[in-house]
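In what follows, a structure is listed as structure tokens, so that the remarks can point back to it.
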Amino acid sequence: MKTLYACIQCGTCSGSCPAGRYTNLRTRLIVRNIQLGLRENVLGSDDLWACTTCYTCQERCPRNIMITDIVRVARNIAFEEGHAKKPHLYVAHMFINTGHSIKFADEHRKLRESVNVSSVPPTVLSYPEAMEEISKLTELSGFKKKVLEREG
Amino acid sequence: MRIGVYVCHCGGNISEVVDIKEVVSFAGKLPDVVVARDNEHMCSEIGQQMVINNISEHKLDGVVIAACSPQFHEETFRQVVSKAGLNPYMFEMANIREHCSWVHASEPKIATEKAKELVAMAVAKLKLNEPLVKKSISLGNRVLIIGGGIAGIQAALDLADSGFHVYLVEKEPSIGGHMAQLSRTFPTEDCSACILAPKMADVAAHPNITLYAYSEVKNVRGYLGNYEVTIVKKPRYVNMDKCIACGICAEKCPVKVIDVNDFEAGLIPRKAIYIPHEFAVPHKYVIDEKNCLYFTKGVCRVCEKFCPHKAIEFDQKSVEETLKVDTIIVATGYEIFDARKKEMYGYGRFENVLTALQMERIIVNIVKGNPPRDIGKRIAFIQCVGSRDEQIDRLNCSRVCCMYAIKLSQLLKRMNPEREVCVFYIDIRAYGKGFEEYYLRAQETGVRFIRGRVAEIYEKPDKKLVLRVEDTLTGDPYEMEFDTVELSVGMVPGEGTNKVAELLKIPKSPDGFLQEAHPKFRPVDTLTDGIFICGCAQGPKDIPDTVAQASAAAARAIRLMNKKKYEIEPTKAMVIENLCDGCGICVEHCAAGAIEISGGVAKVIEALCRGCGRCVAYCPREAIVVRHYTPSQILAEIEAALSNKQKGESRVLVFADYTCTYRLADSVGTSRMPYTASARIIRVPSGALVTPQLMLKAFELGADAILIGECEQKSSPFLNSVECISDNVERVRKVLKEKGIEPERVKYAEFVTVMLSRFVKEVNSLSELTSRLGEIPAEKRKALSTAKA
Ligand SMILES: Cc1cc2nc3c(=O)[nH]c(=O)nc-3n(C[C@H](O)[C@H](O)[C@H](O)COP(=O)(O)OP(=O)(O)OC[C@H]3O[C@@H](n4cnc5c(N)ncnc54)[C@H](O)[C@@H]3O)c2cc1C
Ligand code: SF4
Ligand code: SF4
């Protein structure tokens, strides 16, 4: 985290950012706002969730700042502080209940068949007994509890 | 011995705390002391005269003055005793002001006891002192300059004009360095070649300069006044006397060579036989054996056939020559950063991505009416390529790239106002005289400055380049298309600089450039007397700074040589030959390269020795000592510091290097900051002189804790002393542990002279530690007598 105080606001991160090309995410400004202690600007902003965690900025930063890692930490804090977005919670729910973050639809099945792989992927869909393991894991890791707490 | 002890009142500064009478009477009873006196001001006329009279009256052969810090009056009293015919090294000072009365003002009794002990320590050391004489080396007027860029040229001309003889060695076929390649120079826009060429010609014509172009220094032996230098002259395969540079050979030569390291930076091909450029000095052709058909395939020799002067000599061999010189100046300059290492910019893959040096050559050739390529209408400059970048371990700023980009961009814009020229930067550093004005002019010319470091470049099928960058001032990311991209590459230390650093044992700073002796006061000296550095070999800089440093280096060399002789301090390492078995361990550890093995024993080259004492710490046979600070002399002080220790008292021995820690302790005194009276400060040139054996002996004799205070490495006049001290301390700790004594009783600390409270804290915390741990049991101390570290 401390590394971010070395930031010289050069913009290599935002210039490199594939998500920033299509969203308002300005990686540089995340670093700047944290430097200045402007919590709400970071935690309360939708941009924080636009990062794809591709690590390109971190690889290029001339001050070796762990930018992507910092974004992930900031997201954890944002989540803890109740800034979780609806769609994220929806996805989390899906995962807890079905072992998949998105619904397996007919079009997916068709697509798979068209490229000659098994029509159902080798996941909980093929091995329903694995759902038990997933439940155990989401429980043990505290993931389930955290998500349910946020439901409000 | 017959010793005189003199105790100073310092007009109350000492006498108001310390009972002077008691100290004098104590001193008078010490063995070998024949007179003990006191005076209101020992440094006064009267005080000095008393010492001089006493020396002859009482036939004294040694003098101790107990007064202020030796920092102030050691030199004064050395002269006083010399006046009376004593050797100046037969004298010691006991610092009872800064290290006693001023820091123990509230405890007069304890201060008096301590003052007595400090006197006893000085007497004990003095008894083992020996008369020492300064040796002197005679100095001539010969200077070797390595590197023939503008730095080497300027230094050579200054020295030669002052009547010194210069041997200028340049590895390339011509002198001139990078400046020869530049278009114009910021901020005045002088034509670089036009102002450099006359200086190059002066070098060639000067009767006091011997030029060795296309040559390298292979070996350097010796020291100030006595350097023996081996130079290798590479074969040019062209007879220098016969060649008149008519160029017929190159016209006929069938081989075309493209090389980015060439004068034209790989933009214009040359032949295998060539002259670097039109104002090359020496103005002679040279054959490049890596590309010549005769050397690669054994055929051709066309040049030989056509040369009207029979100047081609394929059988030339490299020739070695030995020179004797008195001083050496290193002016090996820089190399540009290899831009291929920043893969995101595609240099070497995308043909329209160029380096700054290439852009310089393009501009020169456009002006000549001979553009080597079409650079198009849209041109981008990317700053800080190879500077300010930890990804490639180059954190430093290269200091010239902002300004040359401001120069090149506006030259391009002015040549053709229709061009769109953009400079992408992190910060613009226009710190020099006329620089900000020049920046303004570029803006007014219409160059666009965009604040953002370019993230990446991709090449389109039509070879146009797309830059991805955030304009950090609007906060918007852009993709922008350009015809040509210039990379403003930084400066890095070159192979040539690295080689010379190794040969001459010049240390490097963290940025890889050569390290000066002191960043403020000795910017062109090295820690080795007689070796100087200047120009970009020392760090990135522009031409005015380079020239200023070159003239400074010349002046510093002249300052030494003008004296015709050089006095060497006698406090240098000395080998006790009958103990030395020639194992060579000292040679390995001496960072100054001051020891060699000859005739089966180690020999110290005193002119190179810095007296740091690393060798003393590592010699397994105790066969090497530093004069005036030998282990027995230091031990005598230790013994005296401990012999009067009473039951319930403790002693913290503080060994203070005289560059930083000792002065620091003086400042603590001057600031009247009290600390534990158990501290006994012993002055040494470097903490490295306190060998592990000495520390163990101190614990055996009654020391309760030891602090070795050493100058922070970067302010120290000694190389790697801290590393040696930390090694020594570790060795001692290991033994203490084995013998059941707490290893934390010994430690070292790096100081600079302003860390007053830190010093007090370190000393006090050791004293608290000793009271916490209690007295070391006698049998454990005894067990140390046979221990070896
Ligand atoms: C693109 C660019 C543009 C610039 N524009 C400007 C400008 O407009 N104005 C300005 O003030 N400054 C400018 N500079 C900076 C300028 O180039 C330097 O300040 C100057 O050249 C430094 O001179 P030097 O003699 O120290 O080093 P160099 O020019 O590098 O000369 C060093 C010489 O030593 C030789 N050498 C190296 N190693 C050895 C060895 N082991 N044995 C023998 N010879 C050796 C080299 O061959 C070379 O000839 C620019 C720099 C760059 C990169
Ligand atoms: S790339 Fe690094 S230094 Fe530059 S703005 Fe981003 S975090 Fe700061
Ligand atoms: S005292 Fe230091 S400089 Fe001198 S010979 Fe020993 S190690 Fe080398």
message = Going through the cross-link list A:Lys2/B:Lys714; B:Lys234/B:Lys407; B:Lys505/B:Lys565, which pairs have a Cα-Cα distance over 29 Å in this structure?
response = B:Lys234/B:Lys407
request  = Quick one: grab the alpha carbon gyration tensor of the range B:338-492, order the square roots of its eigenvalues as a ≥ b ≥ c, and give me rounded if a/c is under 1.5, else prolate or oblate depending on whether a/b is larger than b/c.
outcome  = rounded
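Could you please put B:Lys603, B:Lys565, A:Lys110, B:Lys433 in sequence from largest to smallest accessible area, using a 1.4 Å probe?
Working: B:Lys603 80, B:Lys565 105, A:Lys110 130, B:Lys433 190 Å².
From most exposed to least exposed: B:Lys433, A:Lys110, B:Lys565, B:Lys603.
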inquiry  = If I model a spin label as a point 7 Å beyond the Cα along the Cα-Cβ vector, how far apart are those points for B:Gln713 and B:Lys603 in nm?
reply    = 3.2 nm
query = Label points 7 Å out from Cα along the Cβ direction at B:Asp374 and B:Glu569: separation in nm?
reply = 6.8 nm
query = Which whole number gives the average count of other chain Cβ atoms within 10 Å of the Cβ atoms across peptide B:454-466?
reply = 2
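Per residue of B:378-388, count partner chain C-beta atoms within 10 Å of its C-beta, then hand back the mean as an integer.
Details: counts 0, 0, 0, 0, 0, 1, 4, 0, 0, 1, 4.
Mean partner-chain Cβ count within 10 Å for B:378-388: 1.
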message = Could you compute how much accessible area chains A and B hide from each other, both sides summed, with a 1.4 Å probe? Nearest 100 Å² is fine.
response = 1700 Å²
inquiry  = Let me spell out the model: positive unit charges on the Cβ of Lys and Arg, negative unit charges on the Cβ of Asp and Glu, origin at the Cα centre of the range B:235-316. What dipole size does that give, in debye rounded to 20?
reply    = 280 debye
remark   = Rounded to whole angstrom, the alpha-carbon centroid of the range B:206-269 lies from that of the range B:552-595 at a distance of 34 Å
ask   = To the nearest Å, what is the center-to-center distance of the range B:338-398 and the range B:466-512, using C-alpha atoms only?
value = 10 Å
message = Could you put B:Val286, B:Val220 in order of accessible surface area, largest first, with the 1.4 Å probe and the full protein assembly present?
response = B:Val220, B:Val286
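Provide, as a two-decimal number, the C-alpha radius of gyration of the range B:629-788 over 2.2 N^0.38 Å, N being how many residues it has. Walk me through the numbers on the way to the answer.
On the way: Rg = 14.7 Å, N = 160, 2.2 N^0.38 = 15.1 Å.
Scaled against compact globular proteins, the figure is 0.97.
For B:Glu779 and B:Ala555, FRET efficiency with R0 = 60 Å and r from the beta-carbon atoms, rounded to 0.05? Please report the intermediate quantities before stating the final value.
Working: r = 64 Å, r/R0 = 1.06.
After rounding to 0.05, the efficiency reads 0.40.
Going by the alpha-carbon gyration tensor, a ≥ b ≥ c the square roots of its eigenvalues, is the range B:1-132 rounded (a/c under 1.5) or, if a/c is not under 1.5, prolate (a/b greater than b/c) versus oblate?
Working: a/c = 1.74, a/b = 1.52, b/c = 1.15.
In terms of gyration-tensor shape, prolate.
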task = Sequence neighbours fewer than 8 away in the same chain don't count; with that in mind, list the lysines whose C-alpha is under 25 Å from B:Lys463.
result = B:Lys341, B:Lys342, B:Lys377, B:Lys413
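Ranked highest first by average number of other Cβ atoms within 10 Å, how do B:674-680, B:169-175, A:75-81 line up?
Values: B:674-680: 20.1, B:169-175: 23.7, A:75-81: 15.0.
Ranking, from highest mean packing down: B:169-175, B:674-680, A:75-81.
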ask   = Okay, which of the range B:250-283 sit inside 20 Å, backbone N to the point 7 Å along the Cα-Cβ direction of B:Asp190?
value = B:278-281
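How do B:Phe482, B:Phe521, B:Phe263 stack up against each other in accessible area, from largest to smallest, with a 1.4 angstrom probe? Please list the in-between numbers first.
Working: B:Phe482 0, B:Phe521 165, B:Phe263 30 Å².
Accessible-area ranking of B:Phe482, B:Phe521, B:Phe263, largest first: B:Phe521, B:Phe263, B:Phe482.
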Entries in B:Lys125/B:Lys739; B:Lys242/B:Lys290; B:Lys218/B:Lys499; B:Lys109/B:Lys747 that, when Cα-Cα distance is taken, lie over 21 Å = B:Lys125/B:Lys739; B:Lys242/B:Lys290; B:Lys109/B:Lys747
ask   = Could you state the per residue volume, in Å³, of the convex hull enclosing the Cα atoms of chain B?
value = 212 Å³
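In the range B:235-316, what is the volume of the convex hull around the alpha carbon atoms, normalised per residue and reported in Å³?
Working: hull volume 7.3 nm³, N = 82.
For the range B:235-316, the hull spanned by Cα atoms encloses 89 Å³ per residue.
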Förster radius 30 Å - calculated FRET efficiency between B:Asn764 and B:Lys737, Cβ distance, rounded to 0.05 = 0.80
request  = Pull up the cross-link candidates among the aspartates and glutamates for B:Lys788, meaning alpha carbon to alpha carbon under 16 Å and not fewer than 8 places away within one chain.
outcome  = B:Glu622, B:Glu700, B:Asp727, B:Glu730, B:Glu738
task = Take every residue in peptide B:471-482, count the Cβ atoms of other chains within 10 Å of its Cβ, and give the average of those counts.
result = 3
Whichever lysines have a C-alpha closer than 26 Å to that of A:Lys144, once near sequence neighbours (fewer than 8 apart) are set aside = A:Lys85, A:Lys86, A:Lys103, A:Lys136
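At a Förster radius of 45 Å, what calculated FRET efficiency corresponds to the Cβ-Cβ distance of B:Arg37 and B:Lys647, to the nearest 0.05? Show your work: numbers first, answer last.
Working: r = 33 Å, r/R0 = 0.73.
That gives a FRET efficiency of 0.85.
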query = Which residue, chosen from A:Asn33, B:Tyr566, A:Leu43, occupies the Cα position most advanced towards the positive end of the dipole of the protein assembly as shown, where the dipole is computed from +1 (Lys, Arg) and -1 (Asp, Glu) charges on Cβ about the Cα centre?
reply = B:Tyr566
request  = Pull out a ≥ b ≥ c, the square roots of the eigenvalues of the alpha-carbon gyration tensor of the range B:575-703, then state rounded if a/c is under 1.5, prolate if not and a/b is larger than b/c, and oblate in the remaining case.
outcome  = oblate
Sorted peptide list for A:100-106, B:297-303, B:386-392, criterion being average Cβ within 10 angstrom, highest first = B:386-392, B:297-303, A:100-106
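The values are calculated or read from the model by the stated rules, or taken from the named source; none is laboratory data. It should be emphasised that the depicted structure is a prediction, and the values quoted were computed from it without experimental measurement. Cβ: placed from backbone, ideal geometry, glycine included. Neighbour counts: every protein chain shown. In case anyone asks, the SASA skips ligands and DNA or RNA and just uses the protein heavy atoms, side chains included. Shrake-Rupley method; radii C 1.70, N 1.55, O 1.52, S 1.80 Å.
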